[in-house]
1. Which residue pairs have Cβ atoms under 7 Å apart, sit 6 or more places apart or on different chains, and have a first residue in segment 6-21 that is at pLDDT 85 or above and a second that is assigned to a helix (DSSP H, G or I)?
2. What is the number of the single condition among (1) under 15 Å from the mean Cα position of the chain (by Cα); (2) surrounded by fewer than 11 Cβ atoms within 10 Å (Cβ to Cβ) that LEU17 does not meet?
3. Which one is least open to solvent (accessible area, probe 1.4 Å) among residues in segment 61-76 that are under 16 Å from ALA9 (Cα atoms) and more than 10 Å from the chain's Cα centre (by Cα)?
4. Does THR32 satisfy being loosely packed, with under 15 Cβ neighbours inside 10 Å, under 21 Å from GLN19 (Cα atoms) and out of contact with any helix residue (DSSP H, G or I) (no Cβ under 9 Å at 6 or more places or on another chain)?
5. Keeping to segment 35-60, report how many residues are closer than 30 Å to ASP8 by Cβ and open to solvent by 40 Å² or more (accessible area, probe 1.4 Å).
6. Taking segment 24-43 only, how many residues are assigned to a loop (DSSP other than H, G, I, E, B), over 13 Å from GLU74 (Cβ atoms) and not β-branched (Val, Ile, Thr)?
Amino acid sequence: MRAELGIDAELRTSLILDQAAAEQARFPGSPTVRVDGRDVEPGSEPATEYVLGCRLYRLEYRLAGQPEERWIREALLEAAGHS
């Protein structure tokens, strides 16, 4: 997606192995996608609980196990100053 948008961005993944690592990374569950340290889910509040477990995303009419692609696209464009 980065290449498609013409954005030169570093991609990093983190392996969260235990509860201590989840708390240190302020990890609200897997998968979590952040751009410039901000969660891609629009309107998401900063997590108050950090867990070593699965995360659900609230879509318009359902829950999903991954964020919407357009959220990631919009976050990348905003971070690159293309909004």
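1. ILE16/ALA22
2. (1)
3. LEU76
4. Numbers: loosely packed, with under 15 Cβ neighbours inside 10 Å: no; under 21 Å from GLN19 (Cα atoms): yes; out of contact with any helix residue (DSSP H, G or I) (no Cβ under 9 Å at 6 or more places or on another chain): yes.
Taking the combined requirement at face value, the residue does not satisfy it.
5. Going through segment 35-60, the residues closer than 30 Å to ASP8 by Cβ turn out to be 35-44, 46-47, 55, 57, 59.
The next check asks that each one be open to solvent by 40 Å² or more (accessible area, probe 1.4 Å); those that pass are 36-39, 42-44, 46.
Residues in segment 35-60 being closer than 30 Å to ASP8 by Cβ and open to solvent by 40 Å² or more (accessible area, probe 1.4 Å): 8 in total.
6. Step one: filter segment 24-43 for residues assigned to a loop (DSSP other than H, G, I, E, B), giving 25-29, 31-33, 36-37, 40-43.
Now restrict to residues that are over 13 Å from GLU74 (Cβ atoms): 25-29, 31-32, 37.
Filter once more, so that each one left must be not β-branched (Val, Ile, Thr): 25-29, 31, 37.
Counting residues in segment 24-43 that are assigned to a loop (DSSP other than H, G, I, E, B), over 13 Å from GLU74 (Cβ atoms) and not β-branched (Val, Ile, Thr) gives 7.
The values are calculated or read from the model by the stated rules, or taken from the named source; none is laboratory data. Note that this is a predicted model, so its numbers are computed, not measured. Cβ coordinates were reconstructed from backbone atoms using ideal geometry, including for glycine residues, and neighbour counts include every protein chain displayed. Ligands, DNA and RNA are excluded from the accessible area calculation, which covers all protein heavy atoms including side chains. Shrake-Rupley method; radii C 1.70, N 1.55, O 1.52, S 1.80 Å.
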